[in-house]
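One structure is given here, and the rest of the page talks about it.
The values are calculated or read from the model by the stated rules, or taken from the named source; none is laboratory data. No experiment lies behind these values; they were computed from the predicted model shown. Here the Cβ is made from the backbone with ideal geometry for all residues, glycine too, and neighbour counts use every protein chain on show. With ligands, DNA and RNA removed, areas are computed over all heavy atoms of the protein, side chains included. Shrake-Rupley method; radii C 1.70, N 1.55, O 1.52, S 1.80 Å.
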Amino acid sequence: MKSYGAMAGRYLKQQRRKSILTIVGILLSVALISALGTMGQALKDNVILNAKYNDGSFYFGYTESSPDLYAKLEKHILVDQLGIYRKGGEIPLQDDYSITIDKTDKDGFRLLPIHLQDGRMPTAKDEIVVEQWILDRLPGTPKLNGVAELKDTDGTTRSYRIVGVLNNQQTSQTNGSSKAYAFSDSSDIALDSGTQLLLTLKPGVDINQQIESFKKLNPSFFTNDDLLIFMGESGDSRLNSTLMIIFSTLVGLVVLSTVAVIYNAFHIAVLERIRQFGLLRTIGASPGQIRSIVFREATVLSAIGVPLGLLVGWFGLWFTLSIMTQNGMKIMTMDSFELTFHWWIMGGSFIIGFAAVYLAAWLPARKASSVSPVEAVKGAGSIVRESFRHVRTPSLLSLMGIEGRMASNNIRRNRAKFRITTFSIVISVTLFVVFHYFTQQSLTMTTTTNENDRLAFQLLSNSSIEEDGSSPQLSDVVSDNVMRQLGELPGVYRVYGNYQKLNYQVLVPDEKLNKDYVQKTGNSFERINDRNTVYSDMYLYDTARLKEAAKYLQSGTVDPMKLAEGDGVILVQTVKPMTVDDKRELMPITRYKVGDKLTVMGEYSASPTARQLREVTVAGILKQSPFESPYQENTLVVIATKPTFAKLVTADSQSVYTKAYGTARLGLDIAIEDGANSGPIKQELEQIARTIPGSRLVDIAAEQKETRNYNLQMKIFVYSFLSIIGVIGSLNIINTVQTNLLLRRKEIGLLQAVGMTMGQIRRMASAEGVWFGVIGSFWGILLGLGLSYFLYKRLNYVRGFPFDFPWEASLIACGIAMLVGLLSVQTPLRRMAKANLLEELREEA
Amino acid sequence: MERIEKSKLGMARLWRDPYIKKLVLLLVAAIFVAIALLWIYGLYSTERLKQSWLDKESAMIGSIASTRPELANEWVRLLSDSGQPTVQELESGRKLLEEYGITSELEARWLPAIEHYRSHTLWTLISGTVLGFAILAYFLLRHARRQLFDIRNLAVALDDTVKHNQPMKFRIYGEGELGLLANGVQELSLRLKETIGQLNQDKDFMKETVADISHQLKTPLASLMIYIDLLREGNIDSQHSKEFLDTCKRELDRMEWLTLTLLKIARLEADALEMSLKSASLLATVTSAIETIQRLAAEKGITIEIEHSDESLSLYQDSHWLAEAIANVLKNAVEHSPEKSRITVTWERTPVFIRLRIIDRGFGIEEQHLPHIFKKFYRVSGGGHGVGLGLPLSKSIVERHGGMLTAAPNPKGGTIMTMTLPLNPLPIESPLTNL
Amino acid sequence: MNVISVDGLSKSYGKGGTRVDALKDVSFSIKQGEFVAVVGASGSGKSTLLHMLGGLDRPTNGYVHIDGEDLYGLKEKERAVFRRRKIGFIFQSYNLIPVLNVEENIQLPLLLDHRQPDKVFVNDLIHTLGLQDRRKHLPSELSGGQQQRVAIGRALAYRPAIVLADEPTGNLDTRNGQEVIELLKLAVRQYHQTVVVITHDMNVAAEADRVLTLQDGLLISDSSSVGRSL
């Protein structure tokens, strides 16, 4: 031994188990921070990528252009890319199909959301990219690199070489009009009000500070809102600072929990050795030397834990993601997910790790150095004065008999230790609750998901109906049999029928209307019969759809049998209107409950007769629409089963169409499994489509896949976050509860000596462990709730939605805390049971 | 003696010194302040340069635009073009400017904007540097002064100690080199004092010994003188003269023993005698001691026995001297024992010591004498006929073996003398204190 | 020469009704090389006195001078340095550092002072203490007597002017206890140290040059031991 400082190393070596536990704590914390950083960055990158995918990668745009504006922007010192985009006219093709050829230049192809499936982007005037599905409908059915002769809107016929094929878009397929982009440049495009200009700024330019000066150039200025928000560069500085607050809160919480874990480990290690430090003081160690011993321990631990943590954080993430990639879950649109290595994240985690360790070691070091040598040599054992409060509230634990009473005494006896232990549990639970809440919310914010995402194909029929009302009731375009066959195809998740949609009004009495909605949106409703007319979309759901609807059930039932009885319908009353302060917010439009009667009016009439009104019963309420758009703006969604729907339709005497369409299956929606091969399904569907005249197959498999992947990936991120946090929290609890028990070895020996059986001791210790879990969870949930609400307040500014109490997270956290508390006392107890009780007693305090 | 690490003054060691620590902190703080100030100044001066450069450019564009608007457009394009100018562009531009006398050799002061920047920068930097150094120098000097102040105090205190034999007044209980120096100096002064004390003690001891010898020799010398006078006068009968001569012989023997023993003690206590410590059998030493005393014991019919002892035990010892010490204790025991009694010699080994006990069953020594029996010439009243030098000699010898000699009453009557001899004597400090 | 001089030393704990006077105006001085025993019933204040002498606790009133230095006039850090250079402690419960082996425990005061221990000296010391076979053992692997010898070694390693022992034989059997006292006495002679031993063992007190008796925080007797001494 060269110096007294080597004692630190000796201690760590001797207390190998505890040192390893501490190192693991540090390691996990650093891993968490670095993984959080990396994932946060990846998440941000992905969200930005997604925003670019959807809306294009430009920052600013002008809906109108002029040569002057173009010249200014072109020479502008801050502008990086500048694209020109001009919307083309619709060119009709055979069979009601059409194509619109938009023109854009080289930068435009980069800035606009144009997604190649195959080939390349045009680089010359006669080159064009089109959507894949239209290829067959183009004159001469050209393939990729083929040539198509098209008659332009001005009447001239031009021949285009098809150099690239774009992803199919649902809207264009449904409308039968394909998007196409041709190359052009500033010399060729008229720079007038019909031409848009799009631009990005040079890297490193503070975007939101430039918004004002760019706005001055032309009033038609607009920004790519979503992209800028995700980049943290929105023109709304309050929004930016809100995002900053949210992220610093989360990072702060993680850092705090890291500090807490390490602090605990050190604090307990120091408490255990208070006497030793006192002894060192008696033989002449100065307080500074004691501090330096503790700090040296901290340095050794962090020197091992922090780099390992970085390695584990990085490779753990990399490993998980590569496994997911290998298992076919393609991350984003990329075949291999490149986890970008950011030095700032690694460096930041490194610094935070070390700083946290030193911060955490600081108080214990001070405590160790201020130990009174007298107290240590007196050998009184515990240095902390144990305070008994004599007046106390009875604890629930007392109900558990003598063991419970002992446990409750033990817990309350030592305030300092109690506080440390609870604190670490509280912080773990809080962390979990808050992160659970935040990730869930951001998941719903960044990915609005419902069953529509799964739809890969649609089969539409455009059967026409005679105007004179003489046409007979339509029959199903596809038989049940075919439906079943389709459903059994490999890779098909479910096949849904499409039916006509009714736009009935619902007459809502005042007490059922949400007053807040009226207040916040400023919308008003027409009053009929002293009731408010709220528009509704009424859908017919077959059994397959109802099955999916069950996932969104808030109350009531979706059982088709029950619905059929008594004209039951399912209601979606949550809407997402634009509020007066220009913000989207989620809220219910009405306040119906299960069992309420819904008065619907088939055909508008200012003073409807009783015959025109129908009554149905609300049998179930959903949180959001399972299909179509999840939330309407100001419309109720009413879902009915076939019998109810049929009754409504037959009662409706006015509309010819309604009657004719009836409850016929007009088309199909096909949802496929994630990662399924859509090729064979498509072939099958094409065959069916050929047998049905006037039908059209919409192929959105590629889009669907990308959306699903994006959502899936977000979920993976979120749940990996949560599991890491769960692990670190559990570890924290294990560490504190275990050491809390191990520190009292002598006392437990004493209890054994006075006749407590090991079983009683186990019950006592288990009760303590669980009780710590309960108390910790209680405060943790309370604190977590507060913080979640705080985050909600911030998030609400970004996008409005109601505050969901994080029940789920709270219950999970509470359960885990108690379970971990219970389990973590078992190992030390087993060890104690094996140890010789006399040895424990003899061992000096 | 532990060392203050010799010439090595490693970083860790350097860092422990409080002065170095302060110095380093000072320098680090200075560096950070300098970096911060330079950073701020850099930002500020770039902003200024940019402003004046832009002003210049704007003025040019303005004047050109009023006459040649198309040129102004081109100018703006070039202005925002971040690419490197081509060699050709640079070359042709330079040629053009050269015609107006504007070359890179041109002194900066003819270009107003740059001249402004230069003078501004120059003065700010010079004054800043001077100020910075001045502040740093102030702190460094203050720092050095404090250190010198400590050293001076130490020097003054040391001077006082040396010249006036006072205890060190200025003490530093600190870490670092100065602390160690101060500690060393203080140790030195304490040692010095101790040594002086010891020297005085030795002087006293010498005086005492001389007085003892003269006192002890005076009486027998006087009686010898008388006997010799009487014998010389010759009027003594042969029987008496033989008696006188026997008495003289006895007195002379006693005086010889006395002087020899005193000399031995003096040499032992003055460290003038080398012990040759060798590992040797304790049994042999004890046996040889018993042999020398056997005759005396036999006279009184006393038996000396060795009891319950590990006979194979060996010890680092000078067996000659240790035998003498044991013999002296035995002699004392024999003298204090009644006739036909038993004296037991027994020893045991503990982890640290060998404890040798000599147990007699005599009259014992009264409590009040116990603290004094190892003093020279102390004689328990009446009892025995020794001069009281045997036990002090034994004690000196045992102490030279790093051990102790103690006496305690035997609960069964008599006395137990215990020699506690360490298996390995405590390490000896520097010889200074053992003068 | 007085190594220790205690002047009007008082110490009280607590306030008001719970106030306990552990020491009441105690004054005495100890010469260099003396082997002093402090006796008294438990609670008589003898441990408090020892803590005061070692600079571990602050007195309520009075002064302690060691080697001419006002112990409580020093700063906390200076007192720590003072303690490591001038005072050696020996406790009833040995109080060795459990993670350090025998050799390291002995060297610790030197290491705390950033000195390199003299190998030969430490080696000799370990031999004297009969610990040569235990050199690399941890305290938990030693018997009580051995542990206390290590503690003595630690107290002697810096050859402090003063060795303070708090019931050094309290946890030991007679044989080991005697050995500890003998070692201390040897040290006093060999290193010109001053030893203050707290004890309630009259046999130990009998070995001392001087016995101070405390009762209820008061020094009630100060006598040369009637015991046999060097």
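Of all residues in the stretch B:393-415, which are away from chain C (no Cβ under 11 Å), open to solvent by less than 10 Å² (accessible area, probe 1.4 Å) and over 19 Å from C:GLU182 (Cα atoms)?
B:LEU393, B:GLY414, listed by residue number.
Take A:VAL774 and decide whether it is in contact with a Cys (Cβ under 9 Å, 6 or more places away or on another chain) and either surrounded by fewer than 19 Cβ atoms within 10 Å (Cβ to Cβ) or modelled with pLDDT under 80 (or both).
Details: in contact with a Cys (Cβ under 9 Å, 6 or more places away or on another chain): yes; either surrounded by fewer than 19 Cβ atoms within 10 Å (Cβ to Cβ) or modelled with pLDDT under 80 (or both): yes.
Answer is yes for this residue.
Taking the stretch C:214-230 only, how many residues are open to solvent by less than 30 Å² (accessible area, probe 1.4 Å) and at pLDDT 85 or above?
The number of residues fulfilling the criteria is 2.
Report every pair of residues separated by at least 6 positions or lying on different chains whose Cβ atoms are under 7 Å apart, first residue within the stretch A:656-680 and within 18 Å of A:ASN452 (Cα to Cα), second open to solvent by 30 Å² or more (accessible area, probe 1.4 Å) and modelled with pLDDT under 70.
A:GLY675/A:GLY328; A:GLY675/A:MET329
Hey, among C:GLY8, C:GLY62, which residue is over 21 Å from C:ASP166 (Cα atoms) and in contact with a Leu (Cβ under 7 Å, 6 or more places away or on another chain)? Let's see the steps before the verdict.
Values: C:GLY8 fails: in contact with a Leu (Cβ under 7 Å, 6 or more places away or on another chain).
It is C:GLY62.
Would you confirm whether any residue within the stretch A:189-203 is more than 23 Å from A:PRO92 (Cβ to Cβ) and touching a Pro at 6+ places or on another chain (Cβ under 7 Å)?
yes
When only residues in the stretch A:674-709 that are among the hydroxyl-bearing types (Ser, Thr, Tyr) and touching a helix residue (DSSP H, G or I) at 6+ places or on another chain (Cβ under 6 Å) count, which is most open to solvent (accessible area, probe 1.4 Å)?
Of the stretch A:674-709, the ones among the hydroxyl-bearing types (Ser, Thr, Tyr) are A:678, A:691, A:695, A:707.
From what's left, touching a helix residue (DSSP H, G or I) at 6+ places or on another chain (Cβ under 6 Å): A:678, A:695, A:707.
On the way: A:SER678: 35, A:SER695: 30, A:THR707: 57 Å².
My answer is A:THR707.
Tell me, yes or no, whether the stretch B:224-235 has at least one residue that is under 30 Å from B:PRO392 (Cα atoms), open to solvent by 80 Å² or more (accessible area, probe 1.4 Å) and in a helix (DSSP H, G or I).
Going residue by residue through the stretch B:224-235, those that are under 30 Å from B:PRO392 (Cα atoms) are B:224-225.
From the residues that got through so far, the ones that are open to solvent by 80 Å² or more (accessible area, probe 1.4 Å) too are B:225.
From the residues that got through so far, the ones that are in a helix (DSSP H, G or I) too are B:225.
So far as the stretch B:224-235 goes, yes, one or more of its residues are under 30 Å from B:PRO392 (Cα atoms), open to solvent by 80 Å² or more (accessible area, probe 1.4 Å) and in a helix (DSSP H, G or I).
Any idea which of B:GLU251, B:GLU256, B:GLU243 is loosely packed, with under 11 Cβ neighbours inside 10 Å and assigned to a helix (DSSP H, G or I)? Lay out the reasoning, then the answer.
Values: B:GLU251 fails: loosely packed, with under 11 Cβ neighbours inside 10 Å; B:GLU243 fails: loosely packed, with under 11 Cβ neighbours inside 10 Å.
Only one candidate passes the filter, namely B:GLU256.
Would you please list the contacts, defined by Cβ atoms under 9 Å and residues six or more apart or on different chains, that run from a residue in the stretch B:140-156 that is without any contact (Cβ under 8 Å) to a residue 60 or more places away in the chain to a residue that is in a helix (DSSP H, G or I) and β-branched (Val, Ile, Thr)?
That search, which allows pairs on different chains as well, returns B:LEU154/B:VAL185.
Search the stretch A:275-300 for residues being open to solvent by less than 10 Å² (accessible area, probe 1.4 Å) and away from chain C (no Cβ under 11 Å), and hand back the single one that is nearest to A:LYS13 (Cα to Cα).
In this case the residue turns out to be A:GLU297.
Can you tell which of A:ILE734, A:ILE716, A:ILE748 is among the hydrophobic types (A, V, I, L, M, F, W, C), open to solvent by less than 10 Å² (accessible area, probe 1.4 Å) and assigned to a helix (DSSP H, G or I)? I'd like the intermediate steps shown before the answer.
Details: A:ILE734 fails: open to solvent by less than 10 Å² (accessible area, probe 1.4 Å); A:ILE716 fails: open to solvent by less than 10 Å² (accessible area, probe 1.4 Å).
Being among the hydrophobic types (A, V, I, L, M, F, W, C), open to solvent by less than 10 Å² (accessible area, probe 1.4 Å) and assigned to a helix (DSSP H, G or I) holds for just one of A:ILE734, A:ILE716, A:ILE748, which is A:ILE748.
What residue, among those in the stretch B:101-154 that are part of a helix (DSSP H, G or I) and among the acidic types (Asp, Glu), is surrounded by the fewest Cβ atoms within 10 Å (Cβ to Cβ)?
Taking the stretch B:101-154 as the starting set, the residues that turn out to be part of a helix (DSSP H, G or I) are B:108-110, B:112-154.
The next check asks that each one be among the acidic types (Asp, Glu); those that pass are B:115, B:150.
Working: B:GLU115: 13, B:ASP150: 18.
Among them, the one singled out is B:GLU115.
Output the number of residues of the stretch A:231-248 satisfying the condition of being modelled with pLDDT of 75 or more and either of a type in the set (A, V, I, L, M, F, W, C) or farther than 27 Å from A:LYS52 by Cβ (or both).
Total meeting the criteria: 5.
Quick one: which of C:ASN95, C:ASN101, C:ASN105 is within 20 Å of A:ARG273 (Cβ to Cβ), open to solvent by less than 10 Å² (accessible area, probe 1.4 Å) and more than 8 Å from every other protein chain (Cβ to nearest Cβ)?
Working: C:ASN95 fails: more than 8 Å from every other protein chain (Cβ to nearest Cβ); C:ASN101 fails: open to solvent by less than 10 Å² (accessible area, probe 1.4 Å).
Testing whether each residue is within 20 Å of A:ARG273 (Cβ to Cβ), open to solvent by less than 10 Å² (accessible area, probe 1.4 Å) and more than 8 Å from every other protein chain (Cβ to nearest Cβ) leaves just C:ASN105.
Strands (runs of 3 or more DSSP E) wholly in the stretch A:48-102 with at least 1 residues that are within 14 Å of another protein chain (Cβ to nearest Cβ) and on the phi > 0 side of the Ramachandran plot - which ones?
Numbers: elements: A:60-62, A:79-86, A:90-92.
Filter on the stretch A:48-102 gives an empty set.
Considering every residue within the stretch C:116-125, establish whether at least one is at the interface with chain B (Cβ under 8 Å from one of its Cβ atoms), part of a helix (DSSP H, G or I), open to solvent by 10 Å² or more (accessible area, probe 1.4 Å) and under 20 Å from C:ASN171 (Cβ atoms).
Scanning the stretch C:116-125, I find no residue that is at the interface with chain B (Cβ under 8 Å from one of its Cβ atoms), part of a helix (DSSP H, G or I), open to solvent by 10 Å² or more (accessible area, probe 1.4 Å) and under 20 Å from C:ASN171 (Cβ atoms), so the answer is no.
Report yes if A:LEU12 is assigned to a helix (DSSP H, G or I), open to solvent by less than 30 Å² (accessible area, probe 1.4 Å) and within 14 Å of chain C (Cβ to nearest Cβ), otherwise no. Can you show your working first?
Details: assigned to a helix (DSSP H, G or I): yes; open to solvent by less than 30 Å² (accessible area, probe 1.4 Å): yes; within 14 Å of chain C (Cβ to nearest Cβ): yes.
When the stated conditions are applied, A:LEU12 passes them.
Report yes if some residue within the stretch C:38-47 is within 26 Å of C:TYR191 (Cβ to Cβ), assigned to a strand (DSSP E or B) and without any contact (Cβ under 8 Å) to a residue 60 or more places away in the chain; otherwise report no.
Let us first name the residues in the stretch C:38-47 that are within 26 Å of C:TYR191 (Cβ to Cβ), namely C:38-39, C:46-47.
Filter again for assigned to a strand (DSSP E or B), leaving C:38-39.
Now restrict to residues that are without any contact (Cβ under 8 Å) to a residue 60 or more places away in the chain: none.
For the stretch C:38-47, residues within 26 Å of C:TYR191 (Cβ to Cβ), assigned to a strand (DSSP E or B) and without any contact (Cβ under 8 Å) to a residue 60 or more places away in the chain: absent.
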